[in-house]
1. Translational diffusion coefficient, Stokes-Einstein: compute it for segment C:1-53 using the Kirkwood radius over C-alpha pairs as Rh, at 20 °C and 1.002 mPa s, and state it as an integer in µm² s⁻¹.
2. What residues have an amide H closer than 5 Å to that of residue B:130, excluding those fewer than 5 places away on the same chain, when H is modeled at 1.01 Å from N in the peptide plane?
3. Based on other C-beta atoms within 10 Å, arrange C:57, A:107 from fewest to most.
4. Distances from residue C:189 to the same residue in each other copy, label points 7 Å out along Cα→Cβ, in nm, shortest first?
5. So how far, in whole Å, is the C-alpha centre of segment A:63-122 from the one of segment A:137-165?
6. In whole Hz, with x marking every Gly and Pro, tabulate ³J(HN,Hα) for segment A:77-88 from phi via Karplus 6.51 cos²θ - 1.76 cosθ + 1.60, θ = phi - 60°.
7. Assuming R0 = 22 Å, what is the FRET efficiency of residue A:26 and residue B:20, from their Cβ-Cβ distance, to the nearest 0.05?
8. Below 14 angstrom from the Cβ of residue A:101, what's the summed charge of the other residues (Lys, Arg +1; Asp, Glu -1)?
Amino acid sequence: MRQLLRRLTYLRVPRLMSALRKRWLILRHPHVDIRFDGPVQIGPGFTLFAPEGGALHVGPYVEFRRDFVAELHGGTLTIGGGTVFTYGAVVQCSSRIDIGARCVVAHAVTIVDGNHRFRDPDVPVLAQGYDLRPITIGDDATLLAKATIIADVGARAVVGANAVVTKPVPPFTVAAGAPARVIEELRRPSPA
Amino acid sequence: MRQLLRRLTYLRVPRLMSALRKRWLILRHPHVDIRFDGPVQIGPGFTLFAPEGGALHVGPYVEFRRDFVAELHGGTLTIGGGTVFTYGAVVQCSSRIDIGARCVVAHAVTIVDGNHRFRDPDVPVLAQGYDLRPITIGDDATLLAKATIIADVGARAVVGANAVVTKPVPPFTVAAGAPARVIEELRRPSPA
Amino acid sequence: MRQLLRRLTYLRVPRLMSALRKRWLILRHPHVDIRFDGPVQIGPGFTLFAPEGGALHVGPYVEFRRDFVAELHGGTLTIGGGTVFTYGAVVQCSSRIDIGARCVVAHAVTIVDGNHRFRDPDVPVLAQGYDLRPITIGDDATLLAKATIIADVGARAVVGANAVVTKPVPPFTVAAGAPARVIEELRRPSPA
């Protein structure tokens with residue numbers, strides 16, 4: 001009985017809800033190019049906001065645990081297989097954001113491919129538009145809780161909690177702080 | 001068909017839901033002075049918590065995208081026209097918070113007009129109350145993702161991601177860091 | 001009439017919903033050792049994710065305002081009486097996390113008892129597991145908005161907004177920054 005309930009709670013019901021959310025998502029956004037290349041776990045609170053359209057391509061076994069938000073303003077967001085979004089991550093994409101495979105995107109991480117323009121004093125900020133900068137997050141990157149990402153992060157890099165990435169983080173490094181700086185170099189894989 | 005669905009998804013349904021949330025909000029909080037001076041977009045998860053009453057005045061065309069929380073402890077919160085709250089912002093107001101017009105309040109920003117008192121070692125923190133400091137956010141200010149605001153922000157100022165504003169930020173500046181410091185002066189409008 | 005509505009909105013309805021959420025929680029997680037030692041306020045969005053089981057012990061008069069997430073990977077999470085979680089806190093527990101009595105855990109605080117291992121370049125990060133470090137938060141500690149806690153915090157200590165606690169914070173101190181450093185010593189209670 002307990003085993004049955006557990007299986008219901010952690011396997012059957014989430015899988016069923018995820019499948020329903022997926023259908024609902026596709027139904028409501030016919031003008032968005034949505035592709036799921038395999039099974040994907042879409043948790044509660046998954047939000048897509050794409051009034052002007054855009055593209056969302058998600059690899060197999062990606063997991064969106066809860067309250068993931070993707071805001072597309074005509075942009076293309078791709079997510080590699082096996083990547084996990086835990087709670088409350090927000091991705092705002094007006095040009096292109098590519099997130100690699102097997103990444104960890106932790107609690108309340110923000111990834112944005114543009115800054116509000118604000119330097120023209122004679123035009124309201126909201127009317128000045130954005131400076132766009134497409135973003136690539138490499139495979140196996142780890143973005144810890146509340147990091148804010150507005151530049152590239154290399155493969156296997158680790159971005160510390162509450163860090164703000166304003167300049168590219170090289171692969172195989174640990175970066176922390178606001179603005180984020182490299183604080184450690186990681187060992188590279190041994191040549192096979 | 002696609003155009004119709006898109007219009008339903010991005011215009012009709014949100015507008016209808018927003019109107020229902022507005023009515024529900026006013027119905028449930030008869031002891032709070034709630035005023036909407038024009039059309040306002042109230043997204044899912046909008047939360048008002050005001051057990052002791054208070055006032056909430058919202059200008060025209062304000063947008064609360066998702067999971068906005070206002071906690072009033074008898075305080076007055078005013079929001080100028082055209083301001084946008086994206087995702088998960090929290091405003092806790094015990095005295096007075098005035099947010100200007102056309103501001104951007106990004107992902108998980110916190111705005112609080114008081115600090116917990118914690119310096120009396122003989123009284124539990126939760127029983128020591130607050131030091132209150134009314135807060136004014138100027139027109140066209142931009143508060144980037146996860147900034148925490150416990151002091152004034154001037155008009156047209158930009159507060160960087162993950163910054164903590166503990167002292168007033170002057171108008172027409174960019175401030176970043178924790179505690180936030182001015183890192184750039186912006187050009188002022190040319191005299192007309 | 002207004003008084004009645006107010007009492008319904010702020011007392012009756014939340015209490016009823018909280019009781020229903022509690023029952024639902026216990027029903028759905030028969031393999032988790034869940035204990036509530038007295039009345040507890042469980043707000044909307046309360047989430048427990050414990051696929052491998054674990055234990056959750058909550059003292060009397062604890063308040064989970066909204067969108068609290070506890071992720072147990074076989075770990076034990078205890079929360080002392082009177083502690084308040086405001087909005088969107090996330091606790092991820094694989095070994096043991098003890099949170100004291102009368103603590104304040106503010107907006108989007110993250111508490112984690114382990115780091116992802118990431119130093120083996122030949123194994124994917126998600127397959128390297130965690131370095132576990134049980135965490136204790138002392139009584140009357142205050143964790144301000146968006147703090148990230150991956151080490152102990154002493155009794156009566158205050159952790160500043162957006163701080164990252166990577167080394168233990170002693171009791172009766174104020175710590176801020178990323179990584180967090182002590183910026184003030186607080187007076188100790190007078191001997192009785």
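Please treat every number below as a calculation from the coordinates, not as lab data. Not measured: the values here are computed from a predicted model. Glycine also receives a Cβ, built like all others from the backbone with ideal geometry; neighbour counts cover every protein chain displayed.
1. Translational diffusion coefficient: 170 µm²/s.
2. B:117
3. Fewest-to-most Cβ neighbours within 10 Å comes out as C:57, A:107.
4. So the distances to the same position in the other copies read 5.7, 5.7 nm.
5. Using only Cα atoms, the two centres lie 12 Å from each other.
6. Result, rounded to whole Hz: 10, 10, 10, x, x, x, 6, 10, 9, 7, 10, x.
7. So the FRET efficiency works out to roughly 0.30.
8. Computed value for this residue: -3.
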